[in-house]
Amino acid sequence: MTDSLDGTVALVTGASSGIGQAAALDLARHGARVALVARRTDRLEELAGQIGSEVGADALTLTADVTDREQAQRAVAQAAEHFGRLDTVVNNAGVMLLGPAVDAPLEEWERMVQLNVTGLLYVAHASLPHLLRAAEAGPRQVADLVNISSVAGRVARNGSAVYNATKHAVGAFSEGLRQEVARRHVRVSLVEPGAVATELASHNRPEVQEGMNRRFEGMERMEAEDIAEAISFVVTRRRRVAVNEVLVRPTEQEG
């Protein structure tokens, strides 16, 4: 079946909540064994239990901060060693800290660059050798690196300059890498969600949260499961099909 991931292994970063959590569960439902990576061990263990009870699939929990190069490399290595292979990587871990650039806390900018860009690069770099091997000899003879960006990676907005910069960087990296490994059947895809009802916005300062609430007031936001379905669609295509980029907005979101 086209949508079966039986015999494959997926690694998902930021799996302790939101899109990462939903993506890991959905990939398991498609037949993948899943490695769950995040900093919150208790949330990972809860998700692993859910995957085991609902799907009957094997899930490995890996507590790691992917902004630390050694931790990111170790998580990828442990997943590949435990399962014997790595076919799919969902680079989801990220943070969105918005607000005016003037007088912004510099620590917020540093945190976004470290997680949204550097952490994503660490995971991609560590994963690529495993993905290339999986594409050469695997049940599907294709492998997937899915980088989670944002509509902010396409459209720059007042009040999100640095977040825009990090997500544009993800897009540029993804496209350059896609061209490099396409002939080796490693598909590099970019998923760009619009407004999703997750805890991502709660990391902002109160005054920023108030502005976000006003912007999206009355709008039905997407759920994490909506993006998880998009990710699963991307990675379950036949070997000859690569979905390079998916922009997913709520029906009512204009920009």
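The values are calculated or read from the model by the stated rules, or taken from the named source; none is laboratory data. What you see is a predicted model; the values in this text were computed from it and never measured. Note that we place each Cβ from the backbone using ideal geometry, even for glycine, and neighbour counts take in every protein chain shown.
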Kindly list, by first and then second residue, each pair from a residue in the range 27-42 that is farther than 17 Å from residue 85 by Cβ and hydroxyl-bearing (Ser, Thr, Tyr) to a residue that is modelled with pLDDT of 95 or more and part of a strand (DSSP E or B), limited to pairs with Cβ atoms under 8 Å and residues at least 6 apart or on different chains. 41/61; 41/63
So, of the residues in the range 128-175 that are more than 15 Å from the chain's Cα centre (by Cα) and acidic (Asp, Glu), which turns out to be nearest to residue 32 (Cα to Cα)? 136
Does the range 56-72 contain at least one residue that is buried (at least 16 other Cβ atoms within 10 Å of the Cβ), in contact (Cβ under 8 Å) with a residue 60 or more places away in the chain and within 21 Å of residue 163 (Cα to Cα)? no
Got a number for residues in the range 153-169 being free of Cβ contacts under 8 Å to residues at least 60 places away in the same chain and either surrounded by fewer than 24 Cβ atoms within 10 Å (Cβ to Cβ) or among the basic types (Lys, Arg) (or both)? 7
Please specify each residue of the range 67-126 satisfying the condition of being part of a strand (DSSP E or B) and among the aliphatic types (A, V, I, L, M). 89, 90
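Looking at the range 30-66 only, could you name the residues that are part of a helix (DSSP H, G or I) and either at positive phi or of a type outside the set (Val, Ile, Thr) (or both)?
Taking the range 30-66 first, the residues part of a helix (DSSP H, G or I) are 41-54.
Listed by number, the residues that qualify are 42, 43, 44, 45, 46, 47, 48, 49, 50, 52, 53, 54.
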Answer yes or no: is there a residue in the range 236-246 that is in a loop (DSSP other than H, G, I, E, B), of a type in the set (D, E, K, R), surrounded by fewer than 17 Cβ atoms within 10 Å (Cβ to Cβ) and at pLDDT below 95. no
Could you look through the range 148-202, keep only residues that are in contact with a helix residue (DSSP H, G or I) (Cβ under 7 Å, 6 or more places away or on another chain) and acidic (Asp, Glu), and pick out the one that is farthest from residue 15 (Cα to Cα)? 192
